[in-house]
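This report concerns only the one structure given below.
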Amino acid sequence: MKKSGAWLVRYALEQIGVKYTFGIPGVHNTEIYDELNNSDSITPLLVTHEGGASFMADAVSRTSDHIGTLMIVPAAGVTHAASGIGEAALDGIPMLIITGGVRTDGKAYQLHDMEQHALLKPITKATFKITGHEQIVSTIYQAYDIATCGEPGPVMIEVPVNIAMFRAEVTEPEPYRAEAHGHALPELNANDIDQAAQLLIAAKHPGIFAGWGARHATQELTELAEWLGAPVATTLQGLSVFPANHLLHTGMGFGSYAVPAAAESFKNCDAMLAVATRFSEIPTGSYGVTVPDALVHLDINEKVFNANYPTRVALHGDAKAGLIALLQAVKTKLGNPRDSRLLQKNIQQLKMEYRDEWFQHKTAGRVNPARFFAAARAQLADDDYVVCDDGNHTFLCAELMPIYRSGHFISPTDFNAMGYCVPAAIGTKLANPDKQVLGIVGDGAFMMTCMELVTASRNQLGLVMTVFNDGELAQIAQAQAVPYNRKTCTTLSGLNVEGVAMATGCEYIRLDDDGAIEDKLRQALQMAGKGVPVILDVLVDYSKHTRFTKGILKTNLGRFEFPEKVRFISRAIKRRITG
């Protein structure tokens, strides 16, 4: 049979279940776009910027069972998309990147001619360059397998324009069969499972710390926590993997930077089960945690063991398989679940006290974030989605917005790319059209990708984009306040949020009073339910700092050498006195 490279690309993407591609057509991929237009199962989505495309693809992979896929031009399309590709790489999110390529039979110095594989090597699991038609289908299958196996991540395939455009004789391609392409998971060692169970049972105050990789094992995680009588903390990315309405849920992190329920519950922790977490900077509060010597660490990536904290028992394997094995061993050894009623009571009391502390904070003409999140939780269904950007609002959400369903909170974490929320909310709504999607974004991050809301309007995607509007890059401005007593390049001006709504075809609602929170939020969600994107402009009060912000400032200052600590403190005092 004689087929063009573009036809073969479409065939392979259909076979692996791709539903959307995100990108902008250009001279190197128009033939592929034309083929996608013929597909009954794939919808190519036009975006305003390839950076938005990569965040949309990321969100599709996080919130659905099909892989987020980019369809971009080489060179400029790749560099624009790199932020979202990097986010997916560091967060362990599968993604396919199909990029055009310059002609393999052309002259030097062609349009968009660059070594893009070298650029993407640090932020992908693998890259491939197609050199012949016969390779296309098998290479896309291989790329999909690599992207989704082990610790997931992005994989790039370059399809040169001449191969995409022209036809060649090929054998009839085989359909994709998952069973033929599966990768065996690491086999867990029975002795290690037994040793881990014994450590956790012997502890007086065991604790569990869980990350995103445990999102498909919430049931096993919950049952194990109940049998051990152990409090459960999560990473930022894994905020949803343990239901926040469970009586053993404590919050994000477990050190002094964490909310009181977590900090107190883990204070005497003498054995810890860490599941699908790398103990990276954000979830550990800039490494401001004390991890017990009896650390059991379960992860699909063996490189994480002993990277930041020494591991007593390393369990190399899939989170769900490991938790099933651990749960069975614990049940056999314990016989009956431990009584954790006192621990549960203390957790709930500390949660209530922290919420009341926030509710009592006076906001003087601005919106109290705790009251906003309480109203949002009351009006959203358990299985609706919350999408956060990177900034102060992220940690307010982590501390004040309970998430009840696994995988229903997403946010940029280790790569921490600002500008994530708007396109990620669009990707989430595309993948979950029957669910409400509430975006939470700071005004600084909003300005980075707000024009992508045109894509939401064009496709009649009813979502609510909540802009926490305070006129600053708040997370960094707060970090500047104490050591510098000045705010350099963190004050914002000139943003007209209502003007953005007009320019992008969105409805606009302004919220600047606590008394109007419920009504304005209800109005926004009702509008979104009719297929209209809504910008909810919240004049937010950031004067009360999160536990996370206060905790990491203290941790980082404490890490300074004494002379530098004196210099920073002296400078702060002098500037506060002199202005």
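The values are calculated or read from the model by the stated rules, or taken from the named source; none is laboratory data. Worth saying up front: this structure is predicted, and the values here are computed from it rather than measured. Cβ placement follows ideal geometry from the backbone for every residue including glycine, while neighbour counts extend to all protein chains displayed.
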Worksheet, complete the sentence: Residues in the range 88-115 that are modelled with pLDDT of 95 or more and assigned to a strand (DSSP E or B) total 5
Worksheet item: Of the residues in the range 1-28, how many are within 29 Å of the chain's Cα centre (by Cα) and not hydrophobic (A, V, I, L, M, F, W, C)?
Response: 9
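Within the range 204-221, is even one residue part of a loop (DSSP other than H, G, I, E, B), crowded, with 21+ Cβ neighbours inside 10 Å and in contact (Cβ under 8 Å) with a residue 12 or more places away in the chain? Working first, answer last.
Keep residues of the range 204-221 that are part of a loop (DSSP other than H, G, I, E, B), which gives 204-205, 211.
The next check asks that each one be crowded, with 21+ Cβ neighbours inside 10 Å; those that pass are 211.
Restricting the remaining residues to those that are in contact (Cβ under 8 Å) with a residue 12 or more places away in the chain gives 211.
Yes, the range 204-221 has at least one match.
Assigned to a helix (DSSP H, G or I), in contact with a Gly (Cβ under 6 Å, 6 or more places away or on another chain) and surrounded by 20 or more Cβ atoms within 10 Å (Cβ to Cβ), is that true of Ile517?
On the way: assigned to a helix (DSSP H, G or I): yes; in contact with a Gly (Cβ under 6 Å, 6 or more places away or on another chain): no; surrounded by 20 or more Cβ atoms within 10 Å (Cβ to Cβ): yes.
No; evaluated as a whole, the condition is false for this residue.
Quick check on this structure: which one of Leu199, Leu228 is among the hydrophobic types (A, V, I, L, M, F, W, C) and either under 28 Å from Ser83 (Cβ atoms) or in contact with a Leu (Cβ under 8 Å, 6 or more places away or on another chain) (or both)?
Values: Leu199 fails: either under 28 Å from Ser83 (Cβ atoms) or in contact with a Leu (Cβ under 8 Å, 6 or more places away or on another chain) (or both).
Residue meeting the stated conditions: Leu228.
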Worksheet item: Which of (1) under 16 Å from Thr148 (Cβ atoms); (2) free of Cβ contacts under 8 Å to residues at least 40 places away in the same chain; (3) assigned to a helix (DSSP H, G or I) does Ala118 not meet, given it meets every other one?
Response: (1)
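Take the conditions assigned to a helix (DSSP H, G or I) and within 24 Å of Ile426 (Cβ to Cβ) and apply them to Gly499. Does it pass? If you could, list the steps in order and put the result at the bottom.
Details: assigned to a helix (DSSP H, G or I): yes; within 24 Å of Ile426 (Cβ to Cβ): yes.
Yes.
Looking for whichever is at pLDDT below 95 and out of contact with any Phe, Trp or Tyr (no Cβ under 6 Å at 6 or more places or on another chain) here; the options are Gly255, Gly251. Which one fits? Working first, answer last.
Working: Gly251 fails: at pLDDT below 95.
Exactly one of Gly255, Gly251 is at pLDDT below 95 and out of contact with any Phe, Trp or Tyr (no Cβ under 6 Å at 6 or more places or on another chain), namely Gly255.
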Discussion item. Could you check the range 412-422 and list, in sequence order, the residues that are in contact with a helix residue (DSSP H, G or I) (Cβ under 6 Å, 6 or more places away or on another chain), touching a residue at least 60 places away in the same chain (Cβ under 8 Å) and not in a helix (DSSP H, G or I)?
Written reply: Pro412, Thr413, Asp414, Phe415, Ala417, Gly419, Tyr420
Worksheet item: Which of the residues spanning the range 6-36 are modelled with pLDDT of 95 or more and not in a helix (DSSP H, G or I)?
Response: Ile16, Gly17, Val18, Lys19, Tyr20, Thr21, Phe22, Gly23, Ile24, Pro25
Practice prompt. May I ask you to list the residues in the range 326-345 that are surrounded by 15 or more Cβ atoms within 10 Å (Cβ to Cβ) and assigned to a helix (DSSP H, G or I)?
Written response: Leu326, Leu327, Ala329, Val330, Lys331, Leu334, Leu343, Gln344
Fill in: Number of the exception - Gly251 against (1) part of a helix (DSSP H, G or I); (2) at positive phi
(1)
Item to complete: For residues that are touching a helix residue (DSSP H, G or I) at 6+ places or on another chain (Cβ under 7 Å) and among the polar types (S, T, N, Q), scanning just the range 99-146, find the one that is surrounded by the fewest Cβ atoms within 10 Å (Cβ to Cβ).
Response: Thr104
Item to complete: Pick out the one residue from Ala202, Ala168, Ala230 that is assigned by TED's automatic domain parsing to the domain that holds Asn29 and farther than 27 Å from Ile93 by Cα.
Response: Ala168
Item to complete: Pairs only if they're at least six apart or on different chains, beta carbon under 9 angstrom, first in the range 169-192 and among the acidic types (Asp, Glu), second loosely packed, with under 11 Cβ neighbours inside 10 Å and assigned to a loop (DSSP other than H, G, I, E, B); list them, first residue then second.
Response: Glu169/Met1; Glu172/Met1
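Being in a helix (DSSP H, G or I) and touching a helix residue (DSSP H, G or I) at 6+ places or on another chain (Cβ under 8 Å) is the filter; apply it to the range 222-246 and report the residue that is surrounded by the fewest Cβ atoms within 10 Å (Cβ to Cβ). Spell out the reasoning first.
Applying the first criterion (in a helix (DSSP H, G or I)) to the range 222-246 yields 222-228.
Then drop every residue that is not touching a helix residue (DSSP H, G or I) at 6+ places or on another chain (Cβ under 8 Å), which leaves 223-224, 227-228.
Details: Glu223: 16, Leu224: 26, Trp227: 21, Leu228: 26.
This residue is Glu223.
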Worksheet item: Mind checking which pairs have a first residue in the range 256-280 that is in a loop (DSSP other than H, G, I, E, B) and a second that is modelled with pLDDT of 95 or more and among the acidic types (Asp, Glu), Cβ under 7 Å, 6 or more apart or different chains?
Response: Val259/Glu399; Ala276/Asp299
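Per-residue answers, yes or no, for (1) part of a loop (DSSP other than H, G, I, E, B); (2) among the hydroxyl-bearing types (Ser, Thr, Tyr); (3) surrounded by 24 or more Cβ atoms within 10 Å (Cβ to Cβ):
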site: Ala364; (1), (2), (3): yes, no, no
site: Arg371; (1), (2), (3): no, no, no
site: Ala375; (1), (2), (3): no, no, no
site: Ala381; (1), (2), (3): yes, no, no
site: Ala398; (1), (2), (3): no, no, yes
site: Pro402; (1), (2), (3): yes, no, no
site: Ser406; (1), (2), (3): yes, yes, no
site: Ala424; (1), (2), (3): no, no, yes
site: Pro433; (1), (2), (3): yes, no, no
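Hey, can you tell me all the residues within the range 368-411 that are of a type in the set (Ser, Thr, Tyr) and in contact with a helix residue (DSSP H, G or I) (Cβ under 7 Å, 6 or more places away or on another chain)? Give the derivation first.
Taking the range 368-411 and keeping what is of a type in the set (Ser, Thr, Tyr), we get 385, 394, 404, 406, 411.
Residues satisfying the conditions are Tyr385, Ser406, Ser411.
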Worksheet item: If we keep just the residues of the range 161-203 that are within 30 Å of Asp105 (Cβ to Cβ) and of a type in the set (A, V, I, L, M), which is surrounded by the fewest Cβ atoms within 10 Å (Cβ to Cβ)?
Response: Ala168
